Amino acid sequence: MQATERAIPRGATPSKENKMNRVSKPRPDLCRRGFLAQSAAALGGVGAALVLPAQAAPGKVLLRISTPAVADDWHAKMWTVFQQALERSAPGEFEVQINLNAALFKQGAEPAAMARGNLELSSVSAFDIAKQVPEFSIFTAGYVVRDPAQQQKIFNGPIGAEMFQRVSERMDITPLATAYLGTRQLNLRDARKVSTPADLKGVKLRMPGSKEWLFLGAALGATPTPLAFGEVYMGLKSGTIDAQDNPLPTTRAAKFYEVTSQIVLTSHLVDSLFIAISNKALQAMTPAQQQKLRAAAQAAVAYNNENRIREEAQLMDFFKKQGLQISTPNVDAFRKTVQTAYQQSDYAKVWPSGLLARINAIR
């Protein structure tokens, strides 16, 4: 299961395939020219995908990056910051190749590619990590991480070190830094007073169609309804669903504000992405190079986090101008109800003893 969903503009359709291209043989000279032209075009734009040969210049450390992020996403732009930070601290030592739009590996396939040594760097979600390190699922549960500030304290402290060590041992990749992915809020088709989970009883809340997401929807007090992301807009418009949950930037990008009346700031899931590197690549570096790599990763997530938080704050005014009501429920009541649901479930059985209490104690 993936933690993020890419908003696709409504009405977009694939381009028609040229029938002649299906039967004619490609000319090697034209293919090569096309590749070089695309590479040159990519080099001209900040954050553009650099799909280059998997070789570095002599004496340089090759760092191939694969991400599904699109060029205008902060999670794409942060890789340019990473690249620039490395070039400043270690000029000429690294060759960083940035591949956006899942051009190199599809979303979710990156951890296996890194473990095999076919990829050096990527951003990995907590949900992808939890597939192989089940105790990491605590960071996919509702109301565990409170806000972006606590998120950084958790993962930059002893808890992060302990959990990242488990990831390194079992997945053969090492998380370097934690990027803020966004805080999920509720978006209601028809406005209502929402103070506690009891106020969401009977609300058909669209959730991604996996058992983990559906459990979270039920814990929030709603009736979780699985629906593909591309169907959410029409589902809200027609009344097939009553609500959806996503970070505010996704709500704007997908134009859900056009078919809803209210945003309830439940802040039920503060999500993360982890800049991670293949252990094989990391261990091949000198200690000095490793230190510079980690510093570049921290610079990248600091850039992402600052801009993501600022964007979410600005969106409040945007939604108000669109006529939506903005309300804040009794978040403590939601947190208590949701955490109790998780603690009584099978999910919590794999969490390290005392870890939830340690996380809750971080302010």
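At a glance:
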| item | result |
| --- | --- |
| Scope the range 151-165; condition farther than 14 Å from Phe274 by Cα and in contact with a helix residue (DSSP H, G or I) (Cβ under 8 Å, 6 or more places away or on another chain); matching residues | Ile159 |
| Top-ranked residue of the range 167-192 - restricted to ones that are in contact with a Pro (Cβ under 9 Å, 6 or more places away or on another chain) and not in a strand (DSSP E or B), ranked as nearest to Ala333 (Cα to Cα) | Val167 |
| Among the residues listed as Asp317, Asp271, Asp332, the single one being among the acidic types (Asp, Glu), within 30 Å of Lys211 (Cβ to Cβ) and assigned to a helix (DSSP H, G or I) | Asp332 |
| Hits in the range 117-165 - residues which are assigned to a loop (DSSP other than H, G, I, E, B) and over 20 Å from Gln283 (Cα atoms) | Val133, Ala141, Gly142, Tyr143, Val144, Val145, Arg146, Asp147, Asn156, Gly157 |
| Qualifying residue in the range 311-330 (condition: under 30 Å from Met114 (Cα atoms) and either β-branched (Val, Ile, Thr) or surrounded by 14 or more Cβ atoms within 10 Å (Cβ to Cβ) (or both)) | no |
| Identity of the residue in the range 224-242, touching a residue at least 40 places away in the same chain (Cβ under 8 Å) and either touching a Phe, Trp or Tyr at 6+ places or on another chain (Cβ under 8 Å) or crowded, with 19+ Cβ neighbours inside 10 Å (or both), that ends up farthest from Arg192 (Cα to Cα) | Tyr233 |
| Selection count, the range 336-363, where residues are in a helix (DSSP H, G or I), under 21 Å from Phe155 (Cα atoms) and out of contact with any helix residue (DSSP H, G or I) (no Cβ under 7 Å at 6 or more places or on another chain) | 3 |
| The one condition in (1) under 19 Å from Ile326 (Cα atoms); (2) free of Cβ contacts under 8 Å to residues at least 24 places away in the same chain that Val259 fails to fulfil | (2) |
| Output for the range 216-237, where each listed residue is in a helix (DSSP H, G or I) and over 23 Å from the mean Cα position of the chain (by Cα) | Met234, Gly235, Leu236, Lys237 |
| Residue identified as of a type in the set (A, V, I, L, M) and surrounded by fewer than 22 Cβ atoms within 10 Å (Cβ to Cβ) among Ala191, Ala219, Ala179 | Ala191 |
| Which listed residue is under 30 Å from Ser238 (Cβ atoms) and surrounded by 24 or more Cβ atoms within 10 Å (Cβ to Cβ), from Val301, Val264 | Val264 |
| Within the range 64-96, considering residues that are under 14 Å from Ser123 (Cα atoms) and part of a strand (DSSP E or B), the one nearest to the chain's Cα centre (by Cα) | Ser66 |
| Residue match in the range 224-233 (condition: more than 29 Å from Ile129 (Cβ to Cβ) and modelled with pLDDT of 95 or more) | yes |
| Filter pass, Leu119 being crowded, with 23+ Cβ neighbours inside 10 Å, touching a residue at least 24 places away in the same chain (Cβ under 8 Å), touching a strand residue (DSSP E or B) at 6+ places or on another chain (Cβ under 8 Å) and more than 28 Å from Glu311 (Cα to Cα) | yes |
| Tabulated pairs, the range 85-112, first in contact (Cβ under 8 Å) with a residue 24 or more places away in the chain and buried (at least 16 other Cβ atoms within 10 Å of the Cβ), second part of a loop (DSSP other than H, G, I, E, B) and among the basic types (Lys, Arg), C-beta under 8 angstrom, 6+ apart or interchain | Glu93/Lys60; Phe94/Lys60; Glu95/Lys60 |
| Output for the range 329-363, where each listed residue is among the β-branched types (Val, Ile, Thr) and under 20 Å from Gln150 (Cα atoms) | Val331, Val338, Ile359, Ile362 |
| Meets criteria (surrounded by fewer than 17 Cβ atoms within 10 Å (Cβ to Cβ) and not hydroxyl-bearing (Ser, Thr, Tyr)) for Arg335 | no |
| Residue under evaluation Gly209, criteria (1) under 30 Å from Met114 (Cα atoms); (2) part of a loop (DSSP other than H, G, I, E, B); (3) in contact with a Ser or Thr (Cβ under 7 Å, 6 or more places away or on another chain), criterion not met | (3) |
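Let's see how each residue does on (1) at pLDDT 95 or above; (2) under 30 Å from Val203 (Cβ atoms); (3) in contact with a strand residue (DSSP E or B) (Cβ under 6 Å, 6 or more places away or on another chain); (4) outside any helix (DSSP H, G or I):
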{"site": "Ile241", "(1), (2), (3), (4)": "yes, yes, yes, yes"}
{"site": "Gln244", "(1), (2), (3), (4)": "yes, yes, yes, yes"}
{"site": "Ile263", "(1), (2), (3), (4)": "yes, yes, yes, yes"}
{"site": "Ile277", "(1), (2), (3), (4)": "yes, no, yes, yes"}
{"site": "Leu293", "(1), (2), (3), (4)": "yes, no, no, no"}
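The values are calculated or read from the model by the stated rules, or taken from the named source; none is laboratory data. If you're wondering where the values come from, they're calculated on a predicted model, not measured in any experiment. Glycine gets a Cβ as well: all are built from the backbone with ideal geometry, and neighbour counts include every protein chain shown.
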